Structures are given as C-alpha cells and as structure tokens.
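Single-structure report; data block below.
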Amino acid sequence: MKETIHKLRSSHLGSERTVWVRSPRDGTKPPNLTIFLDAEIYRDRVGAVATIDDLESKSAIASSWFVFVS
C-alpha cells in the first residue's frame with residue numbers, strides 16, 4: 001500500500017500536524033475513507049497499519065483510503 005506523508009500547517013493555531021495518507025492497494029479510487037485521529041497511537045501502539053495490511057491481503061475489507069492525522 002502506498003503511503004504519503006504531508007504536513008498540515010495552521011497559521012491560526014500556530015502549529016503543524018503530520019498526516020499520513022495510505023492509498024488503496026489496487027490503485028482504484030474507492031468511495032471509502034477511514035480517518036484515524038491521534039495517529040501515533042493507532043500507528044505505533046495499536047498496530048493499525050499492520051492490521052489494515054493483513055486484512056487487505058486477505059480481501060477481508062473493502063478497498064479504502066486510510067488517513068492518519070497527528
């Protein structure tokens with residue numbers, strides 16, 4: 001699964017957040033979107049990325065965009 005990393009800057013809040021976007025493995029543009037807030041918790045502690053990869057490899061979940069927001 002292709003993953004891109006972006007920086008989201010807010011001049012109003014005076015902060016910057018990291019956003020990871022994982023595009024669908026099959027290259028399609030599905031209507032499904034899953035957003036995880038508190039990205040570091042889901043990515044580092046919960047292991048969501050490995051779980052998503054495992055479920056997709058088994059075709060157990062529909063093709064989707066996954067967005068992790070710090």
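Quick test for you: out of Glu40, Glu3, pick the one residue that is open to solvent by 70 Å² or more (accessible area, probe 1.4 Å) and modelled with pLDDT of 90 or more.
After applying the criteria, what remains is Glu40.
Would you confirm whether any residue within the range 40-50 is assigned to a loop (DSSP other than H, G, I, E, B) and either free of Cβ contacts under 8 Å to residues at least 12 places away in the same chain or β-branched (Val, Ile, Thr) (or both)? Before the answer, list the steps.
Start the filter on the range 40-50 by keeping residues that are assigned to a loop (DSSP other than H, G, I, E, B), which leaves 47.
With either free of Cβ contacts under 8 Å to residues at least 12 places away in the same chain or β-branched (Val, Ile, Thr) (or both) added as a condition, the list becomes 47.
Checked against the condition, which is being assigned to a loop (DSSP other than H, G, I, E, B) and either free of Cβ contacts under 8 Å to residues at least 12 places away in the same chain or β-branched (Val, Ile, Thr) (or both), the range 40-50 yields at least one hit.
Would you please name the residue that is most open to solvent (accessible area, probe 1.4 Å), looking only at residues in the range 9-23 that are in a strand (DSSP E or B) and without any contact (Cβ under 8 Å) to a residue 40 or more places away in the chain? First the steps, then the outcome.
Going residue by residue through the range 9-23, those that are in a strand (DSSP E or B) are 9-10, 15-22.
Applying the additional criterion that residues be without any contact (Cβ under 8 Å) to a residue 40 or more places away in the chain yields 9-10, 15-16.
Details: Arg9: 171, Ser10: 34, Ser15: 47, Glu16: 91 Å².
Selected residue: Arg9.
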Select from the range 24-37 the residues that are open to solvent by 100 Å² or more (accessible area, probe 1.4 Å) and over 13 Å from the mean Cα position of the chain (by Cα) and list them in ascending order. Lys29, Pro31
Checking the structure you have, find out if any residue of the range 51-69 is open to solvent by 70 Å² or more (accessible area, probe 1.4 Å) and touching a residue at least 12 places away in the same chain (Cβ under 8 Å). yes
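The values are calculated or read from the model by the stated rules, or taken from the named source; none is laboratory data. Note that the coordinates shown come from a computational prediction; the quantities given were computed from them, not determined experimentally. As a convention, Cβ positions derive from the backbone with ideal geometry for all residues, glycine included, and neighbour counts pool all protein chains shown. These area figures cover heavy atoms from the full protein model, side chains too; ligands, DNA and RNA do not enter into them. Shrake-Rupley method; radii C 1.70, N 1.55, O 1.52, S 1.80 Å.
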